[in-house]
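This report refers to the structure that appears directly beneath it.
The values are calculated or read from the model by the stated rules, or taken from the named source; none is laboratory data. Because the structure is a prediction, the values reported are computed rather than measured. Cβ atoms come from the backbone with ideal geometry, glycine included; neighbour counts cover every protein chain shown.
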């Protein structure tokens, strides 16, 4: 009895091993190609999307860089044009003799009208001014980019203590001083609402008489930097010290001690990233969190640079890859289910008939020859069953002949 039970257990283990091998084989055949294709597609998609994003951001940054340079290059030409205008040259010629008369006042008015017309036509200057050799405003045009007006004499200020005056009044004739981009100040205080400006200044000289060749002051324009800053939306523009000028939340802008003194700074926010950016002309790289594309902006006429830095979260760039991964896992799960289903069908077509034939062989070996083999399969198992049935019939006939003797 124990031998019979042991045989049954062994047979069950045997059939289970067959079933496991069939199921495992189908899973391997399904999983290996699907996994290889999935990982390859994931890798290619990731690389393609990252490259595409790099190219898009590089095109954007290149466009912004060219736009800034073109804009500021024209302002450099403007200040030189104003310094050489006919009303300005007439005034300098008349003023060279240190005399004061009605003609001087009229020439001053002519300069003001010239500057006013220029301001109305260009619409990119907060101020256009002529400061004499002592830093006193002689002519000043104020503008809000929509309306321009001549500032009355009693409101004119002395700017002789300002850095931009000291740095520009003594440079060579025909050269242009470019200030840093900062927030405009009136009476020593940051103007509200904030007006980011960059100043272009060039010296002028007396052209005749006793003062010929001596400094006559400067022509200076306060460029409304918002004209080009407003074009930069999702890209950070920072100065060479890392202070933000646009492209971030309002409370991070203008953090230097010469502006709002908040000390908000790209370098302090991204120490390791900034080491890969500052000092390099342009480039691209990514970490696990973000992709960075940057270029150095060589400010026309200036001795300093800015940096345009685009930062894009990897999750945003690879959003479609995430969708692909979800879809792939769904397909893989469905494939596993189908493979197991096929394995079950194969098991029912192969393993179970073999199990039935084995049971039949066991019964025949015990003398139960009258149990007919049920043959329903038309494949190889069916052929084996037919052969087994023929053997059983032959054995029955052989036993019948032996009985007749």
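Is one or more of the residues making up segment 104-121 in contact with a strand residue (DSSP E or B) (Cβ under 7 Å, 6 or more places away or on another chain) and exposed (fewer than 12 other Cβ atoms within 10 Å of the Cβ)? Scanning segment 104-121 turns up no residue that is in contact with a strand residue (DSSP E or B) (Cβ under 7 Å, 6 or more places away or on another chain) and exposed (fewer than 12 other Cβ atoms within 10 Å of the Cβ). Restricting attention to segment 191-230, the residues being under 26 Å from residue 297 (Cα atoms) and within 34 Å of the chain's Cα centre (by Cα) number 16. Taken over segment 294-317, the residue count meeting the criterion of being assigned to a loop (DSSP other than H, G, I, E, B) and in contact with a helix residue (DSSP H, G or I) (Cβ under 9 Å, 6 or more places away or on another chain) is 4.
Every condition in (1) at pLDDT 95 or above; (2) more than 43 Å from the chain's Cα centre (by Cα) is met by residue 141 except one, and the failing one is (2). When residue 106 is tested against (1) at pLDDT 95 or above; (2) assigned to a helix (DSSP H, G or I), exactly one condition is not met: (1). Which one is nearest to residue 276 (Cα to Cα) among residues in segment 248-259 that are in contact (Cβ under 8 Å) with a residue 60 or more places away in the chain and touching a strand residue (DSSP E or B) at 6+ places or on another chain (Cβ under 7 Å)? Once the filter is applied, the top-ranked residue is 254. Taking only segment 254-272 into account, find how many residues are surrounded by 16 or more Cβ atoms within 10 Å (Cβ to Cβ) and either in a loop (DSSP other than H, G, I, E, B) or within 14 Å of the chain's Cα centre (by Cα) (or both). Number of matching residues: 8.
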